[in-house]
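The numbers here are math on the coordinates, done by the rules we state, and not lab data. Not measured: the values here are computed from a predicted model. Every residue, glycine as well, gets a Cβ built from its backbone with ideal geometry; the counts of neighbours run over all protein chains shown.
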Amino acid sequence: MSRHIEQVNELLKEKLAHLISKEIPLENGLITVVYVDTSPDLKYAKVAVSVLPENVAGTALEKLKKHGSLFSQAIKKETRLRQIPRFHWVIDTTEKEAAEIEEVFRKIKEEK
């Protein structure tokens, strides 16, 4: 991955995290931007988010998709990026999977 793409990813992650916290109220919940992965041509960006509690992940994802163009406009105003990528929102399940693996290891250790 080029240094430029890495910089764009970090910039988008920071800006999106700020916009999400400001624009998407989630009653008793939290949305965290885990990573942004922008395509080399800067046309698309996969944005992985973590949502707590997990039972509101669907609602959060709908709200993120609905606000995508608003986020693009705000980022365009705040940055010098010539092209703002289209956002593709996904739920990051890494934490959940890690907890499940840890639980399996804990059970194995107890059986010994």
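Details
- Pairwise FRET efficiency - Arg3 versus Val90, Cβ, R0 = 30 Å, nearest 0.05: 0.75
- One decimal place: the segment Tyr44-Lys107 gains 18.5 nm when fully extended, by the rule 0.36 nm per residue minus the C-alpha distance.
- Cα-based Rg / Dmax (Å) for region 3-111: 16.3, 58
- Expressed to the nearest 5 percent, the antiparallel share of DSSP beta bridges inside the chain is 55 percent.
- Candidate aspartates and glutamates for bridging to Lys76, where Cα separation is under 20 Å - those fewer than 8 sequence places away on the same chain excluded: Glu6, Glu10, Glu14, Glu23, Asp37, Asp41
- Out-of-range pairs (alpha-carbon distance over 22 Å; input Lys22/Lys63; Lys15/Lys96; Lys22/Lys43; Lys13/Lys77; Lys13/Lys66): Lys15/Lys96; Lys22/Lys43
- Relative contact order, percent, the chain [alpha-carbon distance under 8 Å, six or more residues apart]: 25
- Of the residues Lys65, Lys107, Lys46, the one with the fewest other Cβ atoms within 10 Å heads the list, and the complete ranking is Lys107, Lys65, Lys46.
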